[in-house]
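Below is one structure, written out as structure tokens; the observations come after it.
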Amino acid sequence: MDRLPTLERVSVLEQIQEDVKTALRAGERERAGALRLVVSELQKAAKEGKGESDEIAVLQRERKRRVEAAEAYSDAGRDDLAAAERSEAETIEGYLPEQLADDELEAIVADALAQSGATSPKQMGQVMALVMPRVAGRADGKRVSAAVKGRLTG
């Protein structure tokens with residue numbers, strides 16, 4: 001009887017480590033440098049005993065840092081540094097799960113509103129607590145917050 005080979009699921013960390021090697025071989029020093037920083041953060045999270053679901057959280061955090069840095073550099077008139085930060089953010093985005101479409105996010109928010117019975121912006125925390133686990137890395141917290149606030153304020 002033939003047995004099918006078992007396919008091992010490669011973790012995000014392992015994939016990025018391989019991509020660092022590939023980038024170095026291709027002479028893409030900036031990409032390799034950005035990925036090395038992400039590898040370092042992922043390894044730190046792994047040592048702290050966090051699981052694979054936290055790999056996505058680390059990637060989101062690192063992407064957010066790059067976006068915020070790009071905005072700060074842009075505001076300071078350092079467009080060269082802002083462009084480098086944006087490039088790193090785009091590199092990191094490639095490892096994140098596909099983002100929810102607006103209509104999917106709206107449906108999840110509507111369901112959470114119905115489930116919680118929230119009707120005022122004061123109850124936003126209750127709704128966010130229901131929505132965030134459902135979107136798990138597929139929608140930025142700022143985007144979710146805006147969707148919830150929009151529904152609660154009318």
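Below, the figures for the structure above:
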read-out	value
Long-range neighbours under 8 Å by Cβ, at least six apart or interchain, first residue at negative phi within the stretch 131-142, second of a type in the set (Lys, Arg) and surrounded by 13 or more Cβ atoms within 10 Å (Cβ to Cβ)	140/64
Residues located in the stretch 88-130, provided they are over 20 Å from residue 55 (Cα atoms) and hydroxyl-bearing (Ser, Thr, Tyr)	116, 119, 120
Candidates 106, 41 - the one that is in a helix (DSSP H, G or I), under 18 Å from residue 138 (Cβ atoms) and not hydrophobic (A, V, I, L, M, F, W, C)	106
Candidate set from the stretch 144-154 (those that are touching a helix residue (DSSP H, G or I) at 6+ places or on another chain (Cβ under 7 Å) and not polar (S, T, N, Q)); member that is surrounded by the most Cβ atoms within 10 Å (Cβ to Cβ)	148
Residue check for residue 4: at pLDDT below 95, outside the structural domain of residue 138 (by TED's automatic domain parsing), of a type outside the set (D, E, K, R) and in contact with a helix residue (DSSP H, G or I) (Cβ under 9 Å, 6 or more places away or on another chain)	no
Residue within the stretch 66-88 that is in a helix (DSSP H, G or I), modelled with pLDDT under 90 and surrounded by fewer than 17 Cβ atoms within 10 Å (Cβ to Cβ) present	no
Filter result for the condition that a residue is modelled with pLDDT of 85 or more, part of a loop (DSSP other than H, G, I, E, B) and outside the structural domain of residue 138 (by TED's automatic domain parsing), over 27, 33	27
Odd one out for residue 104, checked against (1) surrounded by 15 or more Cβ atoms within 10 Å (Cβ to Cβ); (2) at pLDDT 90 or above; (3) closer than 29 Å to residue 15 by Cα; (4) more than 13 Å from the chain's Cα centre (by Cα)	(1)
Residues located in the stretch 13-34, provided they are out of contact with any Ser or Thr (no Cβ under 8 Å at 6 or more places or on another chain) and surrounded by fewer than 17 Cβ atoms within 10 Å (Cβ to Cβ)	14, 15, 18, 21, 22, 24, 25, 26, 27, 28, 29, 33
Options 128, 124; residue that is in a helix (DSSP H, G or I), more than 18 Å from the chain's Cα centre (by Cα) and surrounded by 14 or more Cβ atoms within 10 Å (Cβ to Cβ)	124
The stretch 109-121 - residue that is free of Cβ contacts under 8 Å to residues at least 24 places away in the same chain and either in a loop (DSSP other than H, G, I, E, B) or among the hydroxyl-bearing types (Ser, Thr, Tyr) (or both) and, of those, farthest from residue 58 (Cα to Cα)	117
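The values are calculated or read from the model by the stated rules, or taken from the named source; none is laboratory data. Because the structure is predicted, anything quoted here is derived from the model rather than measured. Cβ coordinates were reconstructed from backbone atoms using ideal geometry, including for glycine residues, and neighbour counts include every protein chain displayed.
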